[in-house]
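Following: one structure in structure tokens, then a few remarks.
What follows draws every value from the coordinates through simple rules; no lab data is involved. Just so it is clear, the model here is predicted, and its values are computed rather than measured. Please note: Cβ atoms are built from the backbone with ideal geometry, for glycine as well, and neighbour counts cover all protein chains shown.
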Amino acid sequence: MSRIHHGKAQVKQESDFTIRPARPEDVPLLLSFIKELAEYERLAHEVVATEEGLHESLFGERAVAEALLGYLGPEPVAFAVFFHNFSTFLGRPGLYLEDLFVKPEMRGRGFGRALLRYLARLAVERNCGRMEWAVLDWNEPAIRFYRSLGAVPMEEWTVFRLTGDALKRLADG
């Protein structure tokens, strides 16, 4: 049985699966996971992230996100990237899960659940009022999995996004 530590958060696994916070030397691995996730989500054409940009965002002077890596023995098989948001209604931070990915051949073995449990414990430890993430509408296996954990879709909310030229126009306008 292994114990996974990040602050006080702990997850116990009966297998040889371990979770650890990413380190600066893991940036190339993280980028490869991001590209693999983008392929799975049919969004590979949108990946413009670089190792330099990831390093700055995750480990730079003003880091804005954190990452976890999941290993089966010595093999990296999963990752998660998350950051804190804030709820004015709760007056507390929240934990926003940007990405969670388990290699397709490793799914169904509890690794995604272990990463989510780790993050939930971290959120509780950090006094977060909630944990949130988005899922593509067509990803029925993920939606079923999240519902089985007790997560509920926020169907009355629509996510809006500004990127590229639209973002620049608003900034300049």
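At a threshold of 8 angstrom on Cα-Cα distance, excluding pairs fewer than six apart, so keeping six or more, what relative contact order does the chain reach in percent?
Once normalised by length, the contact order is 17 percent.
Report, in deg cm²/dmol and to the nearest 500, the calculated mean residue ellipticity at 222 nm for the chain, where each DSSP H run with n ≥ 4 adds -39500 (n - 2.57) and the sum is divided by the residue count.
-10000 deg cm²/dmol
Explain nothing, just the number: dipole magnitude of the chain about its Cα centre with +1 on each Lys and Arg Cβ and -1 on each Asp and Glu Cβ, in debye rounded to the nearest 20.
820
So how do 34, 143, 19 line up by other beta-carbon neighbours within 10 Å, fewest first?
Lowest to highest Cβ neighbour count: 143, 34, 19.
Please compute the Kirkwood hydrodynamic radius of the chain from all pairs of different C-alpha atoms, in Å with one decimal.
It works out to 17.5 Å.
Would you kindly derive the ³J(HN,Hα) couplings of the stretch 98-109 from the backbone phi angles with the Karplus curve 6.51 cos²θ - 1.76 cosθ + 1.60 (θ = phi - 60°), listing them in order in whole Hz, with x for Gly and Pro?
Here the 3J(HN,Hα) series is 6, 9, 9, 8, 10, 3, x, 6, 10, 6, x, 10 Hz.
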